[in-house]
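Down below is the structure, laid out as structure tokens.
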Amino acid sequence: MIESNFIEISNVHNGVFKKFDTKVNGNLGSKIFITIYSLQLKHDGIDIQIDYEFGNSNVAEITFEMDTDTKVPHFEMRTRDHFSRLFSFNKNPWKIESKKDIFASKVIDYLDQSNLKYLANKEAFEPILKGIDANGKYKFNTKFYLGFNNKEESLLPIITFHQLLINHIKKNYCM
């Protein structure tokens, strides 16, 4: 199911899909079988790299890097765990660190528009997002654990979120 989603999205977005199967040594001479589904997309001239690794750490990682003319705010966001949200008056699933509230609010809007907020409320989807501006290059990284139900539902929303974020950065921080 995951592989067919990757292939379908690769075809729709003119991406490059690759699947890697490998084995690594585990404990006591055992072997751990690892499968990595890799998808490279281009959105408005920016490469987005998507890797879903199953078998060892079961983690997805999405990255992009782009040149900017104006410094983009440092950004870090985590998902508050279900237990914390259960006893909190604030039902927002996101815990955000950013010096620019306007940028943070835009990111929250994009999480909602892309249906990632819905996924975070429905499943144990707990991404960590980081954006760092260094020497005119903005590097953005998203990681999340793939140990939740319906993980195949995360692929299209995560792509949509990154596309919305790239559009915002290009519009506001690139001349």
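On the beta carbon distance between Ile32 and Leu156, with R0 = 45 Å, the FRET formula returns roughly 0.95. Placing +1 on the Cβ of every Lys and Arg and -1 on the Cβ of every Asp and Glu, with no other charges, gives the chain a dipole of roughly 380 debye about its Cα centre. For segment 98-175, the carbon plus sulfur part of the accessible surface works out to 48%, probe radius 1.4 Å.
The mean accessible area for residues of the chain, using a 1.4 Å probe and ignoring ligands and nucleic acids, is 57 Å² per residue. Once both labels are positioned 7 Å from their Cα atoms along Cα-to-Cβ, the gap between Lys143 and Asp112 label points is 2.9 nm. Extension gain, Lys18 to Glu123, is 35.1 nm, computed as 0.36 nm per intervening residue step minus the present C-alpha separation. Calculated translational diffusion coefficient of the chain (37 °C, 0.692 mPa s; Stokes-Einstein with Kirkwood radius over alpha-carbon pairs) equals 191 µm²/s. Given the pairs Lys31/Lys122; Lys100/Lys139; Lys23/Lys122, which are separated by over 22 angstrom at their Cα positions? Beyond 22 Å: Lys31/Lys122; Lys23/Lys122.
The values are calculated or read from the model by the stated rules, or taken from the named source; none is laboratory data. Since the structure is predicted, the reported quantities are computational estimates derived from the model, not experimental observations. Methodologically, a virtual Cβ is constructed for each residue, glycine included, from the backbone with ideal geometry; neighbour enumeration extends over all protein chains shown. What goes into the accessible areas is simple: the full protein's heavy atoms, side chains included, and nothing from ligands, DNA or RNA. Shrake-Rupley method; radii C 1.70, N 1.55, O 1.52, S 1.80 Å.
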